[in-house]
Structure formats: structure tokens, C-alpha cells
Amino acid sequence: MSEINVTPFVDVMLVLLIIFMVAAPLLTVGVPIDLPETQAKALNAETKPLTISVNDEGVVSLQESEVPVDEVVAKLKAIATNGYDERIYVRADKTADYGTVIKVMALISSAGFKKIGLVTLQEQQ
């Protein structure tokens with residue numbers, strides 16, 4: 001008899017499919033930050049901007065990796081594809097130290113980047 005039984009193969013593939021469906025949303029989390037809420041409208045952006053996050057402990061992250069405050073500008077210049085016209089969003093926890101957030105924004109601005117924005121959540125009514 002030269003017949004191959006594919007039932008175990010299908011069972012294994014279905015189990016793997018379920019595991020990946022459950023695990024995939026957990027991989028796209030990023031830096032957990034509790035953003036403040038405002039009544040501002042959402043922006044429509046064609047390209048993905050660079051994001052700098054400041055959490056409640058004052059830790060600064062560029063995209064998803066932690067960066068010391070004094071190295072933020074050097075790393076931004078290295079990954080900015082549009083040069084100084086790159087759009088940069090600053091995400092800060094609502095309980096983050098205001099001085100740290102302003103220091104990060106001042107460093108970015110003094111380096112020559114002009115398109116800096118603050119990220120908030122839309123206010124729930």
C-alpha cells in the first residue's frame with residue numbers, strides 16, 4: 001500500500017495556525033504608554049513617522065528601543081530617510097515628567113528637525 005495519510009499533518013497545521021493567530025497581536029505592542037486625551041482630530045499620514053516615547057519613569061525610546069536622552073539626535077539623524085523634513089511624533093505618558101518631555105523636544109528641534117508633533121488619544125465623551 002503506497003498511500004500517505006495526511007490527517008496528522010493537517011491536525012498539526014491547524015494547531016500551528018491557532019497558535020500564530022493568538023500570538024501575532026501580542027508581537028505588535030511597542031512601548032506601553034498611557035497617553036492623555038484631547039479633542040483634536042486624527043491626522044492622515046501617508047508615511048509612517050518616527051516616534052519617540054517617554055514613559056512615566058522618564059525612559060526615552062526611539063521606535064521600540066530604549067535610547068539615552070543624549071543619543072536621541074544622533075540616532076534620529078541616522079534613521080531619518082527624509083533628512084530634516086522627517087515627521088517625528090513624541091508620545092509621552094500623561095504622568096511623565098514635563099521637563100524630560102520638553103528636553104527631548106528641544107534636543108530634536110535644535111538638531112534641525114521641524115516637523116515635531118505630540119501624540120494624544122481622542123477624548124471619549
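Evaluate the following for Glu86: is it open to solvent by 90 Å² or more (accessible area, probe 1.4 Å) and within 16 Å of the chain's Cα centre (by Cα)? No. A search for C-beta distances below 9 Å between a residue of segment 69-82 that is free of Cβ contacts under 8 Å to residues at least 24 places away in the same chain and any residue that is open to solvent by less than 80 Å² (accessible area, probe 1.4 Å) and of a type in the set (Ser, Thr, Tyr), counting only pairs 6+ apart in sequence or on different chains, returns Lys75/Ser65.
Could you list all residues from segment 87-103 that are among the aliphatic types (A, V, I, L, M) and not in a loop (DSSP other than H, G, I, E, B)?
Of all residues in segment 87-103, those among the aliphatic types (A, V, I, L, M) come to 88, 90, 92, 96, 101-102.
Ile88, Val90, Ala92, Val101, Ile102, listed by residue number.
Residues in segment 89-114 that are among the charged types (D, E, K, R), in contact (Cβ under 8 Å) with a residue 40 or more places away in the chain and loosely packed, with under 14 Cβ neighbours inside 10 Å: Lys94 only.
The values are calculated or read from the model by the stated rules, or taken from the named source; none is laboratory data. This is a predicted model, so every value here is computed, not measured. Cβ sites come from the backbone with ideal geometry, for glycine too, and all protein chains shown count toward neighbours. The area values use the complete protein model at the heavy-atom level, side chains included, leaving out ligands, DNA and RNA. Shrake-Rupley method; radii C 1.70, N 1.55, O 1.52, S 1.80 Å.
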